[in-house]
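Please read the structure below before turning to the comments.
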Amino acid sequence: MEKVLKLLKANTSMALATSSNDKPRSSIMEYVMVGDNMICSTSPDSIKGKNLAKNPKVSLTVGGMPTYVAIDGKIKDPTKKEIEEYNKVLIARYPHFKEIMATHPEAFKHFRVVFDTAYYTECPKETEIIKMGK
């Protein structure tokens, strides 16, 4: 599990897959690791936001060749402290988000990814299946 968290902490973007009515959809998203928790946000009115409201199950991929991880899990609401830390990091990355967050807080629905199973690949080795169970 430690190598999965190390890879997640070394990156800032992922491909996130959601599903609605048996139709999968993948999106590139930014995330922030708050401790060992992955925090993200999206507009609740986006396709991704609507999919997550209907079905909390997700699959995501972080990294690239030769080392990457695919993770299956679900979303939960983050704590207020996690949201504050996410916002702080996101504003440091993109200062213009401060005004957007202040003037349009409804544009951001935050969530925490609860990890179930990780598929850690370090080519040319075989993929390692890791039960994370957070």
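Numbers at a glance
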item: Packing-based exposure ordering (other Cβ within 10 Å, fewest first) of 48, 57, 80, 109; result: 80, 57, 109, 48
item: Spin-label model distance (nm) - residue 88 vs residue 1, 7 Å beyond Cα toward Cβ; result: 2.5 nm
item: Most fluctuating residue given options 93, 25, 112, as computed from a GNM of the chain linking Cα atoms under 10 Å; result: 93
item: The chain: most fluctuating residue of 11, 21, 55 per GNM, C-alpha cutoff 10 Å; result: 21
item: Phi-based couplings in Hz for the range 28-33 (Karplus 6.51, -1.76, 1.60; Gly and Pro marked x); result: 7, 9, 8, 9, 10, 8
item: Ellipticity estimate at 222 nm from DSSP helix runs (n ≥ 4, -39,500 (n - 2.57)) divided over the chain, nearest 500; result: -8000 deg cm²/dmol
item: Size of the range 68-134 as Cα extents on the principal axes (Å, biggest first); result: 48, 24, 18
item: Listed residue (14, 46, 60) projecting farthest to the positive dipole end of the chain, Cβ model; result: 46
item: Environment charge of residue 7, counting only residues whose C-beta is closer than 15 Å and scoring Lys/Arg +1, Asp/Glu -1; result: 0
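None of the figures in this text is laboratory data; all of them are computed from the coordinates on show. Note that the coordinates shown come from a computational prediction; the quantities given were computed from them, not determined experimentally. So basically every Cβ, Gly included, is an ideal-geometry build from the backbone, and we count neighbours across all protein chains shown.
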